[in-house]
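I have placed the structure first, in the form of structure tokens, so that the comments after it can refer back to it.
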Amino acid sequence: MSNLSSKPYQIGYALTPKKEQTFIVPSLLSYASQNGVVLTKIDPTKPLIQQGPFDCILHKLYDSDWKQNLQDFASRNPNIPIIASPESIDILRNRISMLETVSKLKINNTGVPKQITITEVTGLENLKLNFPLIAKPLDADGSETSHKLHLIFDKDGLNNLTAPLVLQEFVNHGGVVFKVYVAGKYFRCVKRKSLPDISEEKLVNLKGSLPFSQVSNLAAAGGGEGCKFEKTEMPPESLVKELVEGLKEELRLNLFNFDVIRDGKNKENYLVIDINYFPGYAKMPDFESVITDFLRDVVHKDINCGDN
Ligand SMILES: Nc1ncnc2c1ncn2[C@@H]1O[C@H](COP(=O)(O)OP(=O)(O)OP(=O)(O)O)[C@@H](O)[C@H]1O
Ligand SMILES: O=P(O)(O)O[C@H]1[C@H](O)[C@@H](O)[C@H](OP(=O)(O)O)[C@@H](OP(=O)(O)O)[C@H]1O
Ligand SMILES: [Mg+2]
Ligand SMILES: [Mg+2]
């Protein structure tokens, strides 16, 4: 469906340089403009109301000046959709509130790993969690450190952690993580390599902790032991759909992905381990058309972006 007969839709975007580099790529810009959607860079340090005009705002910035800038724009332009509301994005910037949304859904055969928040790294002797654990920074704010995780094999591994953090039970899942990308009405589930299982026998010989980062982006991750990756079955479509619909409603977000693993001890059971606002869509096949269709749906108000 082209938009060439009428004026192109103007989408203003405000992104970090890293996000701009991976998302605002020539293939997206040209596909979008051929289909009546023009993406224009916003200067977030200047008032939004002095820029544009825009039919829609797309952003992934978190600082308070930007939030104020957005709010001023929204109060003057209540009918211009903003993707997405800072309140919704903030739910995903904290790894506890992020996964609470999944627990609230109460969908059969889905859940989250057992986890606790640690605000001080002392007095961790009587944790009600079983090793191995994963330590994750509490803030998922897009910084490099927010992706620096640790596998913790025993009590010694709990030394030298930096609070605030989340300690989450590591769940064996066959070395494959399912990433579900959502863009409005569209969703797609893809397989990625993950951390390999840690058997009880292996655990005996594993001491302390092991740092790791963005494992699903590494081609070499997982795999070992006969590489079952290709043979791994996808989760049931109905379950993925239920999670997508539930999370969209609970979070009031349209652009996100979530990571799901299949519990090795109970293969019917799926655990959500991470949810990300506005993830790396360019890794998805056909991302140019998916994003263009989504932006058009937003401007047409076929999709509701929340508050305004
Ligand atoms: N509880 C868990 N049990 C087993 N493996 C896990 C668990 N939590 C995380 N992992 C593994 O670690 C990887 C990174 O964890 P997570 O997705 O929480 O981090 P992230 O830095 O937020 O990732 P992203 O780059 O997707 O934002 C997962 O993709 C998965 O391979
Ligand atoms: O650095 P922050 O703002 O947290 O965002 C990251 C997400 O957390 C990741 O999930 C994205 O990678 P995936 O699309 O593989 O999940 C990752 O994708 P990218 O590295 O391709 O941009 C980022 O969007
Ligand atoms: Mg993840
Ligand atoms: Mg994440």
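Laid out as a table, the results:
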| quantity | calculated |
| --- | --- |
| Cut-off under 5 Å, modelled amide H: who pairs with ASN94 long-range | ALA140 |
| Helix 64-76 axis, angle to the chain major axis (alpha carbon atoms, nearest 10°) | 40 |
| Average Cα contact separation per residue, the chain, under 8 Å, 6 or more apart, as relative contact order % | 21 |
| Amide N proximity, segment 96-115 versus SER146 label position 7 Å along Cα-to-Cβ, cut-off under 17 Å | 96-101 |
| Segment 47-54 - phi-based ³J(HN,Hα) in whole Hz, Karplus 6.51/-1.76/1.60, Gly and Pro as x | x, 4, 5, 8, 10, x, x, 10 |
| FRET efficiency for THR40 and ASP139, using Cβ-Cβ distance with R0 set to 30 Å, rounded to 0.05 | 0.50 |
| Packing rank of 116-125, 10-19, where each peptide gets the mean count of other beta carbons within 10 Å, highest leading | 10-19, 116-125 |
| Separation of the THR22 and GLU87 label points, Cα + 7 Å toward Cβ, nm | 2.9 |
| Sparsely packed GluC sites (Glu not before Pro) within segment 230-308, loop by DSSP, other Cβ within 10 Å at most 16 | GLU230, GLU233, GLU268 |
| Cα-based shape type of segment 90-277, given that a ≥ b ≥ c are square roots of the gyration tensor eigenvalues and the cut on a/c is 1.5 | oblate |
| For ALA183, distant residues with modelled amide H under 5 Å away | none |
| For segment 279-290, 3J(HN,Hα) per residue [Karplus equation, 6.51 cos²θ - 1.76 cosθ + 1.60, θ = phi - 60°, Hz, x = Gly/Pro] | x, x, 4, 5, 7, 8, x, 6, 5, 4, 6, 4 |
| Whole-Hz ³J(HN,Hα) from phi, Karplus 6.51 cos²θ - 1.76 cosθ + 1.60, for segment 245-257, glycine and proline x | 4, x, 5, 4, 6, 5, 8, 6, 10, 10, 10, 7, 10 |
| Under 15 Å from the ILE49 label point (7 Å along Cα→beta-carbon), backbone N, segment 76-100 | 76-80 |
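The numbers here are math on the coordinates, done by the rules we state, and not lab data. Remember, predicted model here, so these are calculated numbers, not experimental data. All Cβ positions, even for glycine, are placed from backbone atoms using ideal geometry, and neighbour counts span all protein chains on display.
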